[in-house]
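Written out below as structure tokens is the structure these notes cover.
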Amino acid sequence: MTTSFTFLPDIAIADVAFEAHGKNVDELFEAAAEAVFETMVDTSTVEKKMERKISVTADTLERLLYDFLSEIVFLKDTDSMVFCTAKVHVKENKKTFALEATLTGDSIHPETQALGNDVKAITMHMFEVKKDKGACTARVVIDI
């Protein structure tokens, strides 16, 4: 994967903040998902046993990313799943954005997985998405 993210330790004292980067929107969303995964669990300890497909639509790119990351947290809470990879495709239509993603991971197994923070929610605090030619960036704060 060519995605990248950086945790920002000095941004939010009681939360986790990160900045994700990608050459395009798909890579940006994959990097942001990876940062959320790594907040929850050391992804190298998660086996690729299950897939979950996610479809999300929104009127803005920011809302699309927020809803996508919130869906990852929802799956952790409702299906007791953690993930290690995401493959994302975002389409921009006239007035909406649509996302199709496949997440790969496994049920939560504390005995074999190095679990991290229990993510409660994605927040709108300092949330932003920037899209320039050849580079996309997002800043996200996670409530833990």
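The values are calculated or read from the model by the stated rules, or taken from the named source; none is laboratory data. No experiment lies behind these values; they were computed from the predicted model shown. Quick reminder, even Gly has a Cβ in these numbers, built from the backbone with ideal geometry, and neighbours come from all protein chains shown.
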Do you know which of the residues in the range 59-82 that are aliphatic (A, V, I, L, M) and free of Cβ contacts under 8 Å to residues at least 40 places away in the same chain is surrounded by the fewest Cβ atoms within 10 Å (Cβ to Cβ)?
-> Leu75
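Which one of Thr112, Thr85, Thr104 is more than 17 Å from Ser4 (Cα to Cα), surrounded by 14 or more Cβ atoms within 10 Å (Cβ to Cβ), touching a residue at least 12 places away in the same chain (Cβ under 8 Å) and not charged (D, E, K, R)?
Thr104
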In the range 20-42, is there at least one residue being among the acidic types (Asp, Glu), without any contact (Cβ under 8 Å) to a residue 24 or more places away in the chain and either closer than 13 Å to Ala138 by Cβ or crowded, with 16+ Cβ neighbours inside 10 Å (or both)?
-> no
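For the range 67-135, give me every one of the strands (runs of 3 or more DSSP E) that falls completely inside it and has 3 or more residues that are under 22 Å from Asp15 (Cα atoms).
Working: elements: 81-92, 97-107, 121-132.
The strands (runs of 3 or more DSSP E) meeting that bar are 81-92, 121-132.
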Given the conditions (1) at pLDDT 95 or above; (2) out of contact with any Asp or Glu (no Cβ under 7 Å at 6 or more places or on another chain), report the number of the one that His125 does not fulfil.
-> (1)
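Can you pull out every residue in the range 111-144 that is among the polar types (S, T, N, Q) and more than 13 Å from Ser70 (Cα to Cα)?
Quick first cut of the range 111-144, residues among the polar types (S, T, N, Q) only: 112-113, 117, 123, 137.
Thr112, Gln113, Asn117, Thr137 - these are the residues of the range 111-144 that are among the polar types (S, T, N, Q) and more than 13 Å from Ser70 (Cα to Cα).
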